[in-house]
Amino acid sequence: ITKGDLLYEGKAKQVFATSDPAILWMHYMDQVTALNGKVKEEYAGKGQLNSNISNRLFTYLASKGVTHHWLGSVSATDELVKKVDIIPLEVVTRNYTAGHFVSRFGVEPMQKLTPRVQELYYKSDELDDPFMNQSQAISLGFASEADLKTIFALADEVNELLVALFEQIDITLIDYKLEFGRLADGQIILADELSPDNMRLVDQKTGKSLDKDVFRQKQGDLRVGYQDVLERLEDVLK
Ligand code: C5P
């Protein structure tokens, strides 16, 4: 497999074509952004940490029967993934209150949510990823009612597995964002990345954030927490 043209550059990843039309090449960048790209910084090695963490989480989910796009690593920062048509929805699961759930609804942070909350956002940088409900997503043709049922069921399956995994390493999975895509045959599978750039992870012993909130809140070097998450995952996923 050889790397082809750059197809897409996001805020933290680049996606390239490959010599195989069914496979894409993903590169994790060291760039980290907040406020939809308005704040930007480089952290050498961040891409490598995210790629490593994401690969381990995808491998874990696959071992539990979750179908996803990750095929394997080609370097510390690059991986091959199945080509999918990305559904332009960001699926956020919240197990505890934080972030925009707190600012939007005026509630205390770190309150357990029962049942867990599932939200949809329209994936659009120009529009700042607006909140979107199911009928809006169906009417705009992004997904059918059956697709949304599948997506929310998959998100729940992933949530149970990830909550249990992080629990084993004394980390609370507060909230996170997933993306889904369609294979050529129409099957909906998990796509994108699974890393502390897209999750809130709190150390149960210290209460400290081990995710991008460290950057958002200017609390120091986010790589310290990412490295910690990676080491704990390495220990438990041997
Ligand atoms: O900002 P908010 O509280 O809505 O974020 C909820 C979760 O979704 C956080 O873990 C955040 O990192 C993630 N998220 C993301 N990409 C976005 C919006 C949110 O990864 N565009």
Candidate set: the stretch 138-176, residues that are under 19 Å from His100 (Cβ atoms) and either at pLDDT below 95 or in contact with a Phe, Trp or Tyr (Cβ under 8 Å, 6 or more places away or on another chain) (or both); chosen: the one surrounded by the fewest Cβ atoms within 10 Å (Cβ to Cβ): Thr172
Residue check, Tyr96 more than 18 Å from the chain's Cα centre (by Cα) and surrounded by 15 or more Cβ atoms within 10 Å (Cβ to Cβ): no
Residue match in the stretch 52-73 (condition: surrounded by fewer than 16 Cβ atoms within 10 Å (Cβ to Cβ), in contact (Cβ under 8 Å) with a residue 24 or more places away in the chain and within 16 Å of the ligand (Cβ to nearest atom)): no
Answer from Arg104, Arg116 - the residue that is within 15 Å of the ligand (Cβ to nearest atom), charged (D, E, K, R), in a strand (DSSP E or B) and modelled with pLDDT of 95 or more: Arg116
Elements of type strands (runs of 3 or more DSSP E) contained in the stretch 123-231, each with 3 or more residues being within 16 Å of the ligand (Cβ to nearest atom): 171-182, 199-203
Only one of Leu71, Leu24 that is touching a Ser or Thr at 6+ places or on another chain (Cβ under 7 Å), at pLDDT 95 or above and more than 28 Å from Thr172 (Cβ to Cβ): Leu24
Within the stretch 27-42, tally of residues that are within 16 Å of the ligand (Cβ to nearest atom) and under 16 Å from the mean Cα position of the chain (by Cα): 7
Matching residues, the stretch 6-58, being touching a Gly at 6+ places or on another chain (Cβ under 9 Å) and either among the polar types (S, T, N, Q) or over 17 Å from Trp70 (Cβ atoms) (or both): Lys11, Ala17, Thr18, Ser19, Met29, Asp30, Gln31, Asn55
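The values are calculated or read from the model by the stated rules, or taken from the named source; none is laboratory data. Quick caveat, the model's predicted, so the values are computed rather than measured. Please note: Cβ atoms are built from the backbone with ideal geometry, for glycine as well, and neighbour counts cover all protein chains shown.
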